[in-house]
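Structure first, then comments.
Coordinate-derived values only; no laboratory data. Remember, it's a predicted structure, so these values are computed and weren't measured experimentally. Cβ placement follows ideal geometry from the backbone for every residue including glycine, while neighbour counts extend to all protein chains displayed.
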Amino acid sequence: MNSLTLNGKNISFEPGQTILEAARTHGVDIPTLCHLQAADHKGVCRICVVEVQGADRLLPACATPAGDGMVVDTHSSKVVQERKMLLELLVANGDHNCLFCEANGDCKLQALVYEYGVKNVARRAGYEQRPIDDATPMILRDFNKCVLCGRCVAACNDVQVNNAIPYPFGRREDKPPVTGWLPVADYDRCVHCGECVQACPVGALLEKKALGKAMTWQTQKVRTTCPYCGVGCQMWLHVKDNQVVKVTGVEDVLPNRGRLCVKGRFGYDFVHAPDRLTTPLIKENGAFREAGWDEALGLVASRFSEIKAAHGPQSLAGFTSARATNEENYLMQKLVRTGFGTNNIDHCARL
Amino acid sequence: MTSQTFSTWGRWVAGREQVPPDKLPSEFSKDQPLKAFMGWDGLFVHDTAVNLVDMARAYMEQARQESCGQCFPCRLGTEDMSAILEGICAGKGTPSDLDRLESLARLVTDTARCDIGQTAPRPLLDLLQYRREDFLNIIKSKTPIPAGHYVTKVTAPCTNACPSHLNIPGYVEKIRIGRWDQALSTIRNDCCLPGVVGRVCVRPCEFNCRRQRLDSGIAIRALKRYAADMELESGQEPPLQPGPAKDKKVAIIGAGPAGLSCAYYLGLKGYQSTIFEALNEPGGMAAVGIPDYRLPREILRGEANQVKKLGCEIRYGVNVGVDITLDDLKLQGYSAIFVGVGAPEASKMRCEGEDAGYQCFMTGVEFLRRVAYGERPVEGKKILVIGGGNVAMDCVRSALRLGFTDVNLIYRRTRAEMPADPVEITEAQEEGVKFNYLVAPLRIVAKDGKVAGLECQRMELGEPDASGRRRPVVVEGANFIIECDAIVPAIGQICVVDCVLPPEEVEITKWKTMVADDITFRTNQPYIFSGGDCVTGPATLIAALAAGKNAARFIEQFLTTGQSVPEESDYMERLISRLGVYYFKEKMPYADSTTKLHPPVMEPEVRVNSFEEVEGVVNSASATKEASRCLRCYRIAMAAV
Ligand SMILES: Cc1cc2nc3c(=O)[nH]c(=O)nc-3n(C[C@H](O)[C@H](O)[C@H](O)COP(=O)(O)OP(=O)(O)OC[C@H]3O[C@@H](n4cnc5c(N)ncnc54)[C@H](O)[C@@H]3O)c2cc1C
Ligand code: SF4
Ligand code: SF4
Ligand code: SF4
Ligand code: FES
């Protein structure tokens, strides 16, 4: 029950799994380009096609349920040849010159072109230059690099549900030439969460702030928790020379499964801001002076104790922030209840 | 010439033999032979004068236009194949083009997502295999070849099965992407009562949905209703605009589905119309036949109101033939007339006593009509309904809702032969209707002029009859009497158009139906058109809507040119239907196990207590999920004539 032959080997699968999922469980790699798990977006690029015995055509592994007794070949000569031809068509229909591309080294198309040995493909005769959308401070959309995989569309409409990239596909005849099928953003609805940028498998969508800052392999990825709110989104800081050059969401982990909001993704300038506080300051005679942690905390503690002694514990209160972690919030209420001796403790998330 | 005709038709859809050319249609219209045909299953050629290379170019160009851009091979491949074929036909081809064409065509059929991409390169592949010289000759000659004239049509198995040929994959896809508004405008191109049809259509499309070959078909009707429900819920007015006003006006007899549809599509073109309706309510049988628990009246009234907004006036309580004649209408300045008077009378059972005028004996259509007006037309506790169709189901289920506690259906064959919709049968059973199979009525037993019982014959199934169903035969000596308070026969309706129109002016059949052209809906009088049940005999809502829609087109043609002649696309539609688009035996390359969406229904114990709508609302998440199951089985047909 529930077993199939994959590249000559018998493997088992869970009912409901696709051929792709079954193959991955058994360590067999099938290339994908359009598949976006979070939005159940699949079946578009057809790069993942495999040969199934008895089928009159190739079947997309990402969208075909594994079937009992199926005989699947993920890399038959026919499959490899058709994948290669598809890649050639893609390269010919865009501006894919990796020398000048920000996504160099971080591009699914580039990786596949390399893997399948695609060589010297000329731009398609009659290729018309597509627009570049430079309208906002955050995101650059160069549709000449777009492969029309629809991932950004699914990311925007089905993952973040902002519905800011209208579904672009439909009969060619009904669409304007050149721009007809492009996933153009509607900036009246866009909240600049950048989910589309993260979903783009090529260099069509880019974080403007990161342009020219670092090549992919020059950065180090540091995992951290977003400091902005209490959700605790997991993020990667892309760091070069101790400078954050870009932020992306960590895929496949809770709580955010790769998603970030505009602040988490783009609001990282403060990290390197020259006017950022780096030591505690104590105000004396109307002016701040730098101080050490021990001195500052000592001062705060002694003043609170004085107030408590003079006016009683009810004259004190604590108010905490969603930008602090759960643990910090817990400690704060502990301090207020046991140290201050009052129940006057609240949190901004309750306002 | 005959030696050169050839066919590859039938070789592609798995498991079929190629059909020889002489077994394939060779007539396009009365006066146009079908010279060649290209489509989803190959091509066939009757006339060797057709330049197949040019036809392949035109076919691929159409495929390129139909490509939706979603999947890579079709988007990029149709573009390239089309360009290469353009080049060859312009005399600029090279022999290596053919290899390139072949590998592109292979790639696209092998890997595309839907049937546009999977089927469109097939005729080209066939030509490259069997008629490569045709290409090489043109390439060698280096001279451009003239472009021929072809008729094209895009269809799908579901679309072809629908009498009004709705673009089903089109609207289903709009629902998938969350655009119910766009879905509705696609629906309204071919069906002006989406909320009505979305509730009660007999859905031939669903029985021809190709997804059934994979697991279970698409809930096409429920998705239509979903789109209509969303519009209602949004409170938005449908974006409907009457066309630029025309000076000619049209009279329509009957505000049933056929009449409303005719008025709607005339209105979109800017023609004012007046509907003369005998009742005081729009909708015909949809209003006074179909009970409210299946189709709430306010839905029907709301959608009929939209028709009025397009420039149509409905005059209620006017019985044409009695209150006003056709001649009067002509004198009043109507330039054309559409007759959509339906099939209002009940067929006879040929059962003793049915014409005796007994109390509590009433035909099904009359019973439902009076129920629709809020009456309780027959009295008692135990009722017998005779028949096995949908009207009989409506009668038994209505009887339960009127308070009859013992509701019995009498049918002379068995459940397997029952023509009623299986869903209706199941729901009636759930509600407590008792089904008596293999029983036929013989004589009504009356007491003091009132129904007291029904003498019946026991039947058994014999040999199959012309319809393929086994013929019921009487079991001798097994008659019996069922006591009851009321009897409602519901075995069919008949037309009585002779009451409306003077037969000396308009041709009618001996069944008292109108005679009208099956494409143009024109009668033997050039200015009188007719469609719906009054032409076909009792049929379906969507067939009546289709008739009204198409008649409107030919009425417009008549009003602008004085003629009404079919267009090439009409003949094309007919040709496609003759070829068949849904292959019951198609073998799918894999198996799937998704299930069809079933809209929520009210519990049987609750729903029998009122005429409240049984079926509930489908939420957006389920609708989107259902829509994403559609395989987009679009197919392109092209004829050289
Ligand atoms: C009980 C019942 C249930 C049905 N259920 C379904 C179903 O679930 N799904 C489905 O698809 N189909 C169903 N049908 C069939 C469907 O209702 C009909 O096929 C459809 O209504 C036919 O439309 P029409 O416009 O041709 O005729 P009708 O609906 O019969 O409309 C004719 C109109 O013309 C008017 N009229 C007649 N004579 C005159 C005159 N002399 N002057 C002025 N006006 C006149 C009538 O009053 C009526 O309003 C059902 C039919 C019945 C009877
Ligand atoms: S912009 Fe990127 S993600 Fe969007 S369709 Fe183009 S390639 Fe795909
Ligand atoms: S029409 Fe079908 S085959 Fe063509 S691009 Fe769209 S999904 Fe792909
Ligand atoms: S799967 Fe979609 S396109 Fe195909 S027959 Fe069914 S509804 Fe029509
Ligand atoms: S990854 Fe399967 S079709 Fe794109």
(request) Indicate, rounded to the nearest 5 percent, the antiparallel portion of the DSSP beta bridges found entirely in chain B. (result) 55
(request) Count the lysine pairs in region B:21-154 whose Cα atoms lie under 23 Å apart, taking only pairs 8 or more positions apart in sequence or on different chains. (result) 6
(request) Quick one: which residues, 5 or more positions from B:K450 or on another chain, have an amide H under 5 Å from its amide H? H modelled 1.01 Å from N in the peptide plane, none for Pro or chain starts. (result) B:Q359
(message) Taking θ = phi - 60°, what integer Hz values does the Karplus form 6.51 cos²θ - 1.76 cosθ + 1.60 yield along region B:420-434, in sequence order, with x for Gly and Pro?
(response) 5, 4, x, 5, 4, 4, 4, 5, 5, 4, 4, 7, x, 6, 9
(message) Can you show me the helix-derived [θ] at 222 nm for the protein assembly as shown, built from DSSP H runs with n ≥ 4 at -39,500 (n - 2.57) apiece and divided by the number of residues, rounded to the nearest 500.
(response) -9000 deg cm²/dmol
(message) Using amide H atoms built in the peptide plane, which far-off residues or other-chain residues are under 5 Å from B:L43 H to H?
(response) B:T8, B:W9
(request) Starting from the Cα of B:R100, step 7 Å along the direction of its Cβ; do the same at A:D294; then give the gap between the two resulting points in nm. (result) 8.0
(message) How far apart, in nanometres, would the label points at A:D56 and A:S321 be if each is projected 7 angstrom from Cα along the Cα-to-Cβ direction?
(response) 6.6
(message) What percent of all Cα-Cα pairs in region B:498-641 falls into each 5 Å bin, going from 0 up to the bin containing the maximum distance?
(response) 2, 7, 11, 11, 12, 12, 12, 11, 11, 8, 3, 1, 0
(request) Could you tell me the distance between the Cα centroids of region A:190-256 and region B:193-241, to the nearest Å? (result) 43
(request) Only residues of region B:384-422 count here: report those whose backbone N is under 16 Å from the spot 7 Å along Cα→Cβ of B:E430, or say none. (result) B:394, B:397-398, B:401, B:421-422
(request) Have a look at the DSSP beta bridges in region B:346-492 and tell me what percent are antiparallel, nearest 5. (result) 50
(request) Sort the following peptides by mean Cβ neighbour count (other Cβ atoms within 10 Å, averaged over residues), highest first: B:350-356, B:57-63. (result) B:57-63, B:350-356
(request) Calculate the length of the line joining the C-alpha centroid of region B:538-610 to that of region B:509-529, in whole Å. (result) 21
(request) At a Cα cut-off below 19 Å, give the lysines reachable from B:K382, other chains included and same-chain residues fewer than 8 away excluded. (result) B:K434, B:K447, B:K450
(request) Could you check the simple spin-label distance between A:E115 and B:V474, using points 7 Å along Cα→Cβ, in nm with one decimal? (result) 7.8
(request) Ignore the peptide's own chain and count Cβ atoms of other chains within 10 Å of each Cβ in A:51-62; give me the average, rounded. (result) 4
(message) Please give the charge dipole size of chain A, origin at the Cα centre, charges +1 on K and R Cβ atoms and -1 on D and E Cβ atoms. Round to the nearest 20 debye.
(response) 200
(request) Determine, from the Cβ-Cβ distance of B:T594 and A:A310 and an R0 of 51 Å, the FRET efficiency 1/(1 + (r/R0)^6), rounded to the nearest 0.05. (result) 0.10
(message) What are the ³J(HN,Hα) couplings of region B:208-220, residue after residue, when phi is run through the Karplus curve with 6.51, -1.76, 1.60 and θ = phi - 60°? Round to Hz, x for glycine and proline.
(response) 10, 6, 5, 4, 4, 5, 9, 8, 9, x, 7, 7, 5
(request) Return the long-range amide H neighbours of B:E313 (sequence gap of 5 or more, or a different chain), with a cut-off of under 5 Å between placed amide H atoms. (result) B:S273, B:T274, B:I275
(request) Restricting to the protein assembly as shown, compute how many DSSP beta bridges are antiparallel as a %, nearest 5. (result) 65
(message) Please enumerate, by chain and number, the lysines with C-alpha under 23 Å from the C-alpha of B:K246, excluding those fewer than 8 residues away in the same chain.
(response) B:K269, B:K308, B:K309, B:K330, B:K549
(message) Within 9 Å, Cβ to Cβ, of A:G258, how many net charges do the neighbouring residues add up to if Lys/Arg are +1 and Asp/Glu are -1?
(response) -1
(request) For A:K208, list the lysines whose Cα falls under 30 Å from its own Cα; do not include residues on the same chain fewer than 8 positions away. (result) A:K42, A:K108, A:K145, A:K175, A:K221, A:K240, A:K246, A:K263
(request) Would you mind giving the mean number of other chain beta-carbons within 10 Å of the Cβ of each residue in A:38-45, as a whole number? (result) 2
(request) Compare the peptides A:283-296, B:473-486 by average per-residue count of other Cβ atoms within 10 angstrom and give them in order, highest first. (result) B:473-486, A:283-296
(message) Through the Karplus equation 6.51 cos²θ - 1.76 cosθ + 1.60, θ set to phi - 60°, convert the phi angles of region A:43-49 into ³J(HN,Hα) values in whole Hz; use x for Gly and Pro.
(response) x, 9, 7, 6, 6, 8, 4
(request) Let me know the mean shielding of A:81-90 by other chains, meaning the per-residue number of their Cβ atoms within 10 Å of its Cβ. (result) 4
(message) Tell me whether region B:21-154 comes out rounded, prolate or oblate; compute the Cα gyration tensor, take square roots of the eigenvalues as a ≥ b ≥ c, and use a/c under 1.5 as the rounded threshold.
(response) oblate
(request) For a quick protection proxy, order the peptides B:285-293, A:325-333, B:218-226, A:63-71 by their average other-Cβ count within 10 Å, most packed first. (result) B:218-226, B:285-293, A:63-71, A:325-333
